[in-house]
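Single-structure report; data block below.
The values are calculated or read from the model by the stated rules, or taken from the named source; none is laboratory data. Just so it is clear, the model here is predicted, and its values are computed rather than measured. Cβ placement follows ideal geometry from the backbone for every residue including glycine, while neighbour counts extend to all protein chains displayed. Note: areas computed on protein heavy atoms with side chains; ligands, DNA, RNA excluded. Shrake-Rupley method; radii C 1.70, N 1.55, O 1.52, S 1.80 Å.
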Amino acid sequence: MSIQSVGVIGAGQMGNGIAHVMALAGYDVLVTDISQDALDEALSLIKRNMSRQVSREKIAPEAMDAALKQIRTTLKLSDLGHSDLIIEAATERESVKQAIFEDLLPHLKPETILTSNTSSISITRLASVTDRPERFMGFHFMNPVPVMQLVELIRGIATDEATFKACKAVVDRLNKTAASAEDFPGFIVNRILMPMINEAVYTLYEGVGSVLSIDESMKLGANHPMGPLELADFIGLDTCLAIMNVLHEGLADTKYRPCPLLTKYVEAGWLGRKTQRGFYDYRGETPVPTR
Ligand SMILES: CC(=O)CC(=O)SCCNC(=O)CCNC(=O)[C@H](O)C(C)(C)COP(=O)(O)OP(=O)(O)OC[C@H]1O[C@@H](n2cnc3c(N)ncnc32)[C@H](O)[C@@H]1OP(=O)(O)O
Ligand SMILES: NC(=O)C1=CN([C@@H]2O[C@H](COP(=O)(O)OP(=O)(O)OC[C@H]3O[C@@H](n4cnc5c(N)ncnc54)[C@H](OP(=O)(O)O)[C@@H]3O)[C@@H](O)[C@H]2O)C=CC1
């Protein structure tokens, strides 16, 4: 099946990045969210990020103008019924995602492919609440979407080959690289990355190092582009905790126990950059470590 139109559900940091790259690749993009503010904010972020790409000569000004014309927004989930491909990028909570798919089903064309950008949740289980598990799969972008090369493609137990091939063709058209992962908690990237981030929080919790010394150690000592706590703030501490919980419950191994300090930050509403406070405080000119 040839995909021309893409519906993106959730206009947070991943949803706006996905809309950005899809529009630049020439797809018609329709973005939905439960909040108009989130839709407005996403559009202005896309403009800002594309303008930066123009100023750095990564894309031509005409490409930006054409891409922006390809993006529309709506508060009505049912408007996405005409899309050839759906990419769900709402909050990392299984009940939220299931409800979205259930609400969307009556409006869909029979041939529409459903995908989720979930970081960790079972694709097989999400697919099972739909009428088309064979046309359902994981389409996992990395953050920031316009910059990161990888997309993990995850087949559920019922995903058919035509669906995989159609999604792989989209990844190729985006000029990104697909990695195929099996449907187990966290897939590949987060099975490896998130325990490292969680261990960095334990290192902080147990007083082995400060926020700065932990981040500097991993940047200068292991050549990571961001320290693990800086990266956790960038991903969102709520998302990190949700992924750790999926690993802990899904693999039933205490080595995935979320650090109590991570839980406490999330309970405080300190979710990282998106709330201007996490392991760093972002309210001033430069980020200030909180511990
Ligand atoms: C949780 C999950 O489920 C999976 C995940 O996504 S895990 C997270 C994966 N992501 C990472 O690990 C990111 C690690 N960090 C990095 O790679 C880098 O710090 C970074 C690319 C984010 C920023 O790099 P930097 O050198 O510090 O900053 P900066 O020079 O401003 O940006 C580098 C480039 O990215 C671009 N960029 C940064 N953020 C951008 C955005 N949101 N949109 C578009 N472009 C962006 C910049 O324009 C710049 O482009 P050029 O090289 O063409 O000039
Ligand atoms: N952050 C990251 O680095 C990465 C995240 N992901 C995954 O992508 C998904 C989104 O993450 P991210 O963008 O960071 O999260 P954000 O919190 O930035 O954005 C989520 C958006 O979804 C909206 N939303 C919540 N419920 C619904 C709904 N029922 N219908 C439509 N929109 C809804 C939220 O609205 P409101 O704010 O009003 O609740 C918010 O705007 C998650 O599954 C996450 O695991 C994947 C790769 C990397």
Examine the range 218-231 for a residue that is small (G, A, S), over 14 Å from the mean Cα position of the chain (by Cα), part of a helix (DSSP H, G or I) and within 16 Å of ligand 2 (Cβ to nearest atom), and state whether such a residue exists. no
Checking V8 against (1) outside any strand (DSSP E or B); (2) open to solvent by less than 10 Å² (accessible area, probe 1.4 Å), which test does it fail? (1)
Working only within the range 21-62, note down all residues that are within 14 Å of ligand 1 (Cβ to nearest atom), outside any helix (DSSP H, G or I) and open to solvent by less than 40 Å² (accessible area, probe 1.4 Å). I59
Note on the range 80-98: residues open to solvent by 40 Å² or more (accessible area, probe 1.4 Å) and hydrophobic (A, V, I, L, M, F, W, C) are V96
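State whether one or more residues within the range 196-208 are part of a loop (DSSP other than H, G, I, E, B) and in contact with a helix residue (DSSP H, G or I) (Cβ under 6 Å, 6 or more places away or on another chain).
Filtering the range 196-208 for residues part of a loop (DSSP other than H, G, I, E, B) gives 206-208.
So of that shortlist, the ones also in contact with a helix residue (DSSP H, G or I) (Cβ under 6 Å, 6 or more places away or on another chain) come out as none.
Scanning the range 196-208 turns up no residue that is part of a loop (DSSP other than H, G, I, E, B) and in contact with a helix residue (DSSP H, G or I) (Cβ under 6 Å, 6 or more places away or on another chain).
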Tally of residues being part of a helix (DSSP H, G or I) and either at pLDDT below 95 or surrounded by 14 or more Cβ atoms within 10 Å (Cβ to Cβ) (or both) across the range 174-195: 6
Matching residues in the range 150-170 (free of Cβ contacts under 8 Å to residues at least 24 places away in the same chain and either within 13 Å of T115 (Cα to Cα) or basic (K, R) (or both)) number 2
Residue count for the range 221-254, restricted to those that are of a type in the set (D, E, K, R) and under 15 Å from R277 (Cα atoms): 3
Residue among L105, L114, L77 that alone is crowded, with 22+ Cβ neighbours inside 10 Å and either within 19 Å of V129 (Cα to Cα) or aromatic (F, W, Y) (or both): L114
